[in-house]
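Here the structure comes first, spelled out in structure tokens, and everything after it is commentary.
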Amino acid sequence: AAAPAPDRDLDGLRVLVTAGGTREPIDSVRYVGNRSSGRMGFALAERAARRGAEVTVLAANVALPRADGVAYRDVETAAELADACAAAFPACDVLLMAAAVADFRPVDPPDGKIKKDADAPDTIRLERTPDILGGLAERRTAAQTVVGFAAEHGDGALAYARGKRERKRLDAIVVNDISRPDIGFDARENEVTVVTAERELALPFAPKEEIADAILDEVVRLRARGGS
Ligand code: CTP
Ligand code: CA
């Protein structure tokens, strides 16, 4: 058979992307959040769809334009993202877990708004959230490709990422060094290393669309090789 046209090389592939950052309520108006804009995840979704994939995005608090031909579902908290992932993961071929998921959330947030003339709350009690990606990877099939993302700080970033890839049983982890002010969170560009079992691919500073295409290229290579 003829090779697929390079611009439609993901034809028929079902890609699930998580994007943005979760918000964990303190009360009904306040939350614990993070600085993820959703740009990397949305770029991955847009590029994958352009290349022929059937793309679903689980968007956690993303205020960015949406691409035609991509299905978006909005979530707010880590718990909502976990539920949405559990529902969508079995039917996907590729998971790109770009969302920044809160590691901790306030315990039992009250309904309504905490008033300032009430007793000042001097602490907010936190509990761990479940590791969504780790849980999904445990239930994966051999035909699925699972990619994590890690924002690491400074020296040791790659070593931490290698450990996470193995611990979470991922095919690949995409790591960026957030000690650099010009890339990563809320930036239009990124510079990442894609860590797989076979190699570590350093992608030089580029717009997130280009980084997205290079990550998708690596996914194609991994799948051609038959998984991890
Ligand atoms: N992740 C997840 N559920 C969580 C935390 C993280 O699914 N509760 C996912 C992220 O979406 C990302 C990957 O795990 O794809 C790595 O996230 P990261 O924050 O780098 O790793 P953690 O395991 O949370 O470790 P730490 O934050 O302590 O470095
Ligand atoms: Ca984390």
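The values are calculated or read from the model by the stated rules, or taken from the named source; none is laboratory data. On a predicted model such as this, the values are computed, not experimentally measured, just so you know. All Cβ positions, even for glycine, are placed from backbone atoms using ideal geometry, and neighbour counts span all protein chains on display. Only protein heavy atoms, including side chains, enter the accessible area calculation; ligands, DNA and RNA are left aside. Shrake-Rupley method; radii C 1.70, N 1.55, O 1.52, S 1.80 Å.
Would you give the gap between the C-alpha center of the stretch 1-76 and the C-alpha center of the stretch 165-221, rounded to a whole Å? First find each Cα centre; the distance between them is then 16 Å. Give me the orientation-averaged projected area of the Cα convex hull of the stretch 31-131, in nm², one decimal. Projected area, direction-averaged: 8.0 nm².
Using Cβ point charges alone (K and R +1, D and E -1), the dipole size of the chain about the Cα centre works out to roughly 340 debye. Excluding ligands, DNA and RNA, the accessible surface per residue across the chain is 53 Å² with a 1.4 Å probe.
Relative protection proxy for 130-139, 75-84, 208-217, from highest mean packing down: 208-217, 75-84, 130-139 (other beta-carbon atoms within 10 angstrom). The C-alpha radius of gyration of the stretch 148-217, expressed as a fraction of 2.2 N^0.38 Å, stands at 1.02.
For Glu189 and Asp7, calculate 0.36 nm times their separation in residues minus their Cα-Cα distance, and state this gained length in nm to one decimal. Before the final figure, lay out the partial values.
Values: separation 182, 0.36 × 182 = 65.52 nm, distance 2.24 nm.
Taking Glu189 through Asp7 to full extension adds about 63.3 nm, to one decimal.
Extents of the stretch 113-179, taken as max minus min of Cα coordinates on every principal axis and listed largest first, are 56, 32, 15 Å. Calculation over all alpha carbon pairs of the stretch 72-193 in 5 angstrom steps from 0 returns a P(r) of 2, 9, 16, 17, 17, 15, 10, 7, 4, 2, 0, 0 percent.
Taking the Kirkwood radius as Rh and the Cα radius of gyration as Rg, the chain has a ratio of Rg/Rh equal to 0.99.
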